[in-house]
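Enquirer: Structure provided below as structure tokens; questions to follow.
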Amino acid sequence: MEENELGTVIAVGNQKGGVGKTTNCVHIAAALGQRGSRCLVMDLDPAAGATKHLGVPTKSYAGTLELLTTDEAIENLTIVDDMPPGVHLIPSRPQLGEIDVLLSKYLDRTRVLERPVAEARLRYDFVFLDTGPSAGFITTVAAYSTAEWFLLSAFPHPLSLGGLTEAFNDIADVRRHRNPALEILGVVFTNVDGRATRLRGQLETVVNQALPGRRFENTISQAVVLPEASGKGRTLFQFPRFQTIPVAQQYLRLSLELEHRVRNRGAFLAGVLEPTNYAILEQVGDSHIVEPVTMTANG
Ligand SMILES: Nc1ncnc2c1ncn2[C@@H]1O[C@H](COP(=O)(O)OP(=O)(O)OP(=O)(O)O)[C@@H](O)[C@H]1O
Ligand SMILES: [Mg+2]
């Protein structure tokens, strides 16, 4: 990050529950961190998925609730120890669900993230806002109202079709009423079963028609190591034996594709972005040599 350059703010969302938002959020941040970026994950979900995934007990720490209801500086609420390299976390806990009663009734709820996000952009290259599955919840609305980019996470399931259309409409609404600068950074298909090619083709067509050029070419395979790692409170990049498996490589490639879009915003939004050059990943180090990505049922 160059001097005076501000970090990029990405809301990770989808009003549907359990579609890989949190897994993508922490792994994309960890992959970027692995490649040298400074990333902050703000957990904006009272269910505290990102907090748990990063191994932080949800009862012990002040976090996003204090960030949004007090003047506390972000560095006093940020967890930096035992995190994936390059990643810091502002944790959540269930009490975040009661934020409504703690905020002044005179405050514009859609703007509660402006101050903390402005602070975070001075210190981090990427700020990820992990939102919960409720589109109407204060922190979700605030995240969509404050971010510059929206990253949509989806499982390739027949029911995703309706969910995706709903999400596109939601984003159009945010742009119309709140945040005209919000742009869709991309749709990540994850939990991809290598056998369900027809369904995947249908979903890809839906995205290509609604949002030409916005689908990420890198998808994430269905891989049991992801829920396993999550259960252990770690990302794949924190286990030496998992760093080279295909799904970790997929996240590294996805992080590069994402960074390429962010760094070349104008060209990307104009639809004239050059293809991502993945050769750079071969220079990251021995453990990150990228092999052609194969889709297997168990990544
Ligand atoms: N590629 C994958 N392969 C296998 N399982 C996955 C994959 N991605 C996510 N999962 C699992 O699917 C479940 C839901 O994922 P995750 O918690 O990331 O979704 P979410 O959208 O954040 O959910 P919520 O809406 O509840 O916050 C988790 O158990 C997670 O480990
Ligand atoms: Mg989640």
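Enquirer: Would you point out the residue of region 176-203, among those that are in a helix (DSSP H, G or I) and in contact with a Pro (Cβ under 9 Å, 6 or more places away or on another chain), that is nearest to Thr140 (Cα to Cα)? Spell out how you get there, then give the answer.
Expert: From region 176-203, those in a helix (DSSP H, G or I) are 176-177, 197-203; that's our starting set.
Then keep just the ones that are in contact with a Pro (Cβ under 9 Å, 6 or more places away or on another chain); that gives 199-200, 202-203.
On the way: Leu199: 29, Arg200: 28, Gln202: 29, Leu203: 25 Å.
Restricting to residues being in a helix (DSSP H, G or I) and in contact with a Pro (Cβ under 9 Å, 6 or more places away or on another chain), the top hit is Leu203.
Enquirer: Among the residues of region 183-203, which ones are polar (S, T, N, Q) and touching a residue at least 24 places away in the same chain (Cβ under 8 Å)? Talk me through it step by step, then tell me what you get.
Expert: Taking region 183-203 and keeping what is polar (S, T, N, Q), we get 190-191, 197, 202.
Residues satisfying the conditions are Thr190, Asn191, Gln202.
Enquirer: Let me ask another. Of the residues that sit in region 9-26 and are surrounded by 24 or more Cβ atoms within 10 Å (Cβ to Cβ) and over 15 Å from Ala154 (Cα atoms), which one is farthest from ligand 1 (Cβ to nearest atom)?
Expert: Result: Ile10.
Enquirer: Shifting gears a bit: For region 27-62, which residues satisfy the criterion of being aliphatic (A, V, I, L, M) and away from ligand 1 (no atom under 16 Å from the Cβ)? Quick ask: steps written out before the conclusion?
Expert: First, the residues of region 27-62 that are aliphatic (A, V, I, L, M): 28-32, 40-42, 44, 47-48, 50, 54, 56, 62.
Passing the criteria: Leu32, Leu40, Ala62.
Enquirer: For region 217-267, what are the residues that are assigned to a loop (DSSP other than H, G, I, E, B), β-branched (Val, Ile, Thr), under 22 Å from Arg200 (Cβ atoms) and touching a helix residue (DSSP H, G or I) at 6+ places or on another chain (Cβ under 8 Å)? Talk me through it step by step, then tell me what you get.
Expert: Step one: list which residues in region 217-267 are assigned to a loop (DSSP other than H, G, I, E, B), which gives 217-220, 222-224, 232-235, 239, 243-245, 264.
Filter again for β-branched (Val, Ile, Thr), leaving 219-220, 224, 235, 244-245.
Next, from what is left, pick out any that are under 22 Å from Arg200 (Cβ atoms): 219-220, 224, 245.
Scanning region 217-267 gives Thr219, Ile220, Ile245.
Enquirer: Looking at the structure I just gave you, is Glu72 surrounded by fewer than 22 Cβ atoms within 10 Å (Cβ to Cβ) and not in a loop (DSSP other than H, G, I, E, B)?
Expert: No: the conditions fail for Glu72.
Enquirer: Can you name the residue in region 81-130 that is within 30 Å of Arg261 (Cα to Cα) and among the polar types (S, T, N, Q) and is also surrounded by the most Cβ atoms within 10 Å (Cβ to Cβ) among such residues?
Expert: Checking each candidate, the answer is Ser92.
Enquirer: Looking only at region 107-136, count how many residues are touching a residue at least 24 places away in the same chain (Cβ under 8 Å), in a loop (DSSP other than H, G, I, E, B) and away from ligand 2 (no atom under 12 Å from the Cβ).
Expert: Residues in region 107-136 being touching a residue at least 24 places away in the same chain (Cβ under 8 Å), in a loop (DSSP other than H, G, I, E, B) and away from ligand 2 (no atom under 12 Å from the Cβ): 5 in total.
Enquirer: Here are the criteria: (1) surrounded by fewer than 14 Cβ atoms within 10 Å (Cβ to Cβ); (2) within 16 Å of ligand 2 (Cβ to nearest atom). Tell me which single one Val41 does not satisfy.
Expert: (1)
Enquirer: Here is a further query. Look at region 21-38 and say how many of its residues are outside any helix (DSSP H, G or I) and either on the phi > 0 side of the Ramachandran plot or within 13 Å of ligand 2 (Cβ to nearest atom) (or both). First the steps, then the outcome.
Expert: Filtering region 21-38 down to residues outside any helix (DSSP H, G or I) leaves 35-38.
With either on the phi > 0 side of the Ramachandran plot or within 13 Å of ligand 2 (Cβ to nearest atom) (or both) added as a condition, the list becomes 36.
Qualifying residue count, region 21-38: 1.
Enquirer: A further question on this structure: Could you say which residue among Thr51, Thr64 is under 22 Å from Ile138 (Cα atoms) and away from ligand 2 (no atom under 13 Å from the Cβ)?
Expert: On the way: Thr51 fails: away from ligand 2 (no atom under 13 Å from the Cβ).
Testing whether each residue is under 22 Å from Ile138 (Cα atoms) and away from ligand 2 (no atom under 13 Å from the Cβ) leaves just Thr64.
Listed here are the residues, each with its yes/no results for (1) more than 19 Å from the chain's Cα centre (by Cα); (2) not aliphatic (A, V, I, L, M).
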position: Leu185; (1), (2): no, no
position: Glu204; (1), (2): yes, yes
position: Glu217; (1), (2): no, yes
position: Thr235; (1), (2): no, yes
position: Phe239; (1), (2): yes, yes
position: Thr244; (1), (2): yes, yes
position: Leu254; (1), (2): no, no
position: Arg265; (1), (2): no, yes
position: Val272; (1), (2): yes, no
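Only the coordinates and a few stated rules stand behind these numbers; no lab work does. Predicted model, so just to flag it, every value in this text is computed and none were measured. Methodologically, a virtual Cβ is constructed for each residue, glycine included, from the backbone with ideal geometry; neighbour enumeration extends over all protein chains shown.
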